1. Taking the residues in region 75-95 that are open to solvent by 40 Å² or more (accessible area, probe 1.4 Å) and out of contact with any Asp or Glu (no Cβ under 7 Å at 6 or more places or on another chain) as candidates, determine which candidate is nearest to S33 (Cα to Cα).
2. Need the failing condition index for N471 against (1) open to solvent by less than 10 Å² (accessible area, probe 1.4 Å); (2) over 30 Å from S367 (Cβ atoms); (3) polar (S, T, N, Q), just the number.
3. Here is a list: E386, E397, E300. Which entry is without any contact (Cβ under 8 Å) to a residue 24 or more places away in the chain, part of a helix (DSSP H, G or I), open to solvent by 10 Å² or more (accessible area, probe 1.4 Å) and among the acidic types (D, E)?
4. Which one is surrounded by the most Cβ atoms within 10 Å (Cβ to Cβ) among residues in region 404-427 that are of a type in the set (G, A, S) and under 16 Å from C97 (Cα atoms)?
5. Report every pair of residues separated by at least 6 positions or lying on different chains whose Cβ atoms are under 7 Å apart, first residue within region 407-419 and of a type in the set (F, W, Y), second buried (at least 20 other Cβ atoms within 10 Å of the Cβ).
6. Of the residues that sit in region 489-521 and are in contact with a Phe, Trp or Tyr (Cβ under 6 Å, 6 or more places away or on another chain) and within 19 Å of R373 (Cα to Cα), which one is most open to solvent (accessible area, probe 1.4 Å)?
7. Hey, among L108, L13, which residue is closer than 22 Å to D431 by Cα, open to solvent by less than 40 Å² (accessible area, probe 1.4 Å), modelled with pLDDT under 90 and not basic (K, R)?
8. All but one of (1) among the basic types (K, R); (2) under 29 Å from the mean Cα position of the chain (by Cα); (3) surrounded by fewer than 16 Cβ atoms within 10 Å (Cβ to Cβ) hold for R479, so report the exception by its number.
Amino acid sequence: MKPEILFVNLLTLPLASLGGPSSKEPSPYMPISIPLGILYLSSYIRKHNDVGRVGILDYVLDSANVSAYPTAREFIRHLALNHASFAPDILAFSFGCSASHDFFALCLDELKTIWPEAKTVVGGVHATNCTRQVLENKNVDYVVRGEGEIAFSDFLHQFDGSKDITVKGVYSHASVEQTSSLELAHPITDLDQIPFPDWELIEMNKYVSQKGRRKSIGNAATAKMAEIVTTRGCPFKCTFCSGHTVHGRTVRSRSVENVVGEMKLLHEKYGVTLFIPGDDLFTASKQRTQRLLKAIKGLEITNLELHFTSGLRINSLDAELMDDLVDAGMTMTYLAIESGSPDVQKHIIKKNVDLVKAKYVASYLRSKGVVVRCYVILGFPGETKEQMRETIDYVRELDMDWCSFLTATPLVGSEMYDQFLKLGYIRDDADLWSKTIFVKRTFDTREISAQDLNELAYIANLEINFINNPNKVKGSYERAISLYNDIVESYPFHVIGWHCMMECYRMLGRSDKVAQVQATIASLLESDPAAQEMFKKYGHLIADWSA
């Protein structure tokens, strides 16, 4: 038989946060990124298997509309009945994010009601690390552990809808009970053997044009953008990361020719000029990185830009490599600092970022015109309030464009997850998984309560990113306005963001814009509950709202 396959791209937000038309909560914001894992699977099986129709239920792409439905179940059902053109033999779920747990369970239940004969296959980081728990759901038939290309292809070679499947890394209800040690699927050693992602599976033109995904600096406000991956794997052992459970600790790199061939095709077919490498460690090899950057520059794509949301390890950067990154088109980057405490770096998270060098890297890149953002995390196991404040004080000195303040979130498969379990702060169950978001702690520790941690991180965010943003303080008002604009586009109720933007317009002498923003703030404070709540809790941080 030629199996017909329907991939399912799950929402990565907790189900409880989705609300509905009567919800008083602001609509959730979820970044939209190309589901490369699904697209690689699709291209690989099309090359190596004799399959029928292949489609996708893309709940992520339509996530902005979820609150328009009375219930999440109706949202799930509507898309299934209106977007699927065939009854699938296989429902293939990409279950990478633990926060998808409740949505996954609801989605699985509803889709099996519509297509009861379909077999369900689940893969991804969460499924890899919670294989037994995922298989406790009677509607799950198989779980693929680890990288899925080879295993899913082998699965399809054996699939006839009835007989048992015997593939390394693939488990069913029966097979998982017969072993105490679960294996991973065979990884692909030569990444060039994977065809380019199957972009035609999704509504690619909508993905590359997603306004909400941009950081409006330079040409990014209008550029068409796409994620790419040039390596898999990372050798480091940061306690908070679970990526190694799927991709391993050995870095495998695509050839330079393969990467730039994909970039060229993305530009020719979809007009992409802004590329976002999503590697865990883009700079694993300086020599290879420099060869790739030289080849990217040689593409001669007009207005080509590179944005790095991950992959640039501070300790691997020097002036020469940073110059090469800028020369190739890097206009924005995130630096993963995580903690400003040397003790936390060395003894708690095992990342060992050179904090002195981080200041140099940030300063150097900003001097080259790059928008520099960073990640910091508060609330690691055993981290004291003093160490958290040390991180906040360190960030104040960094002179970054923006800092994402996150709370230490135990990802299944990470060392930190096991640490929190051992300390008794969390339970290994779905209640925790469904609340796995990086901006809100849901459990107390001996060092700090969840409420106090969330408040500490949020006030640091308001004070450092908004009120005392280095661009605003030092007179780079246009740059500050672009940063604030990113926020108010995603969170329209954010009256502090609007107020800081208004202050910048005032300093630029733009009275027309000042009046426009003042009117927006007044309207929000009159009619928007979320804006009213923000003003009530944090309005005191602004010296003069009438200014």
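1. Going through the qualifying residues, I end up with S94.
2. Every condition holds for N471 apart from (2).
3. Criteria check complete, one pass: E386.
4. So the residue we want is A408.
5. Y417/P410; Y417/L411
6. S490
7. L13
8. Tallying (1) among the basic types (K, R); (2) under 29 Å from the mean Cα position of the chain (by Cα); (3) surrounded by fewer than 16 Cβ atoms within 10 Å (Cβ to Cβ), R479 fails exactly one: (3).
The values are calculated or read from the model by the stated rules, or taken from the named source; none is laboratory data. Since we're looking at a predicted model, the values are computed, not measured. Every residue, glycine among them, receives a Cβ derived from its backbone with ideal geometry; neighbour counts consider all protein chains shown. Please note that ligands, DNA and RNA were not included when accessible areas were found on the heavy atoms of the full protein model with its side chains. Shrake-Rupley method; radii C 1.70, N 1.55, O 1.52, S 1.80 Å.
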